[in-house]
């Protein structure tokens, strides 16, 4: 089992467990101060297959190219919003498109929906799903069973779109 070693950065601090994180195509190992370099190296070697698999996923995420021109994407979001508002009867105060780091979309308690501009790299189905997901938060500000039932009422195949967004 002679595998090529994967470069990684070690951050040691006052934590209980060792964590391996893939961030922007780099491997970061967060380890307790009590772990020696050899112990850390052994754990990283044991986890090499997992690291390689997740590094590949991370690189694929970064390689996604926009599928639409920006104007076309904006129009698509606006048309989905208009169509889904008419179908569901759920009306936000405002829908806007922004760069968001942590989510595909958000719905504030003030009934404002923000759609992540990074969805430009995803299918029309995924864009429609995110808009529907956020609209459903106007009725249920949580991810309860009733929330998911509402999403499924208007998009029976929503799980396919969710899977696409997780790839």
request  = Pairs of Cα atoms under 8 Å, at least six residues apart: use those to get the relative contact order of the chain, whole percent.
outcome  = 15 percent
note = For the chain, longest principal axis from Cα atoms; helix 70-88 axis from its Cα atoms; angle between them, nearest 10 degrees, is 60 degrees
request  = Scale the Cα Rg of the range 54-100 by the rule-of-thumb value 2.2 N^0.38 Å and send over the ratio, two decimals.
outcome  = 1.59
request  = Give the Rg (one decimal place) followed by the Dmax (whole number) of the range 8-63, computed from C-alpha coordinates and expressed in Å.
outcome  = 11.8, 38
Choice from 84, 119, 135 showing the highest fluctuation, given a GNM over the chain with Cα pairs closer than 10 Å = 84
key: GNM result for the chain, Cα springs below 10 Å: residue of 102, 154, 140 fluctuating most strongly   = 102
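Quick check on the exposure proxy: order 19, 129, 158 from fewest to most C-beta atoms within 10 angstrom.
By the 10 Å Cβ count, ascending: 19, 158, 129.
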task = Take the alpha carbon atoms of the range 70-166, find their radius of gyration, then divide it by 2.2 N^0.38 Å using N residues; give the quotient.
result = 0.97
query = In the Gaussian network model of the chain, springs joining C-alpha atoms below 10 Å, which of 125, 67, 45 carries the largest mean-square fluctuation?
reply = 45
query = Roughly how tilted is helix 48-63, in degrees to the nearest 10 and between 0 and 90, from the longest Cα axis of the chain?
reply = 40 degrees
query = Using a basic spin-label model with each label point 7 Å from the Cα along Cα→Cβ, how many nm lie between residue 37 and residue 106?
reply = 4.2 nm
task = Counting only C-alpha contacts under 8 Å and six or more residues apart, can you give the relative contact order of the range 8-63 as a whole percent?
result = 34 percent
remark   = Under Stokes-Einstein, the chain at 10 °C and 1.306 mPa s, with its Kirkwood radius over C-alpha pairs, diffuses with a coefficient in µm²/s of 85 µm²/s
key: Cα long-axis angle, helix 124-136 against the chain (0 to 90 degrees, to the nearest 10)   = 80 degrees
remark   = Ranked from fewest to most other Cβ atoms within 10 Å of their own Cβ, 77, 95 fall in the order 95, 77
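Rule-based calculations on the coordinates, nothing more; no lab input. Being a predicted model, the structure only gives us computed values, none of them experimental. Positions of Cβ are generated from backbone atoms using ideal geometry, with glycine treated the same way; all protein chains shown enter the neighbour counts.
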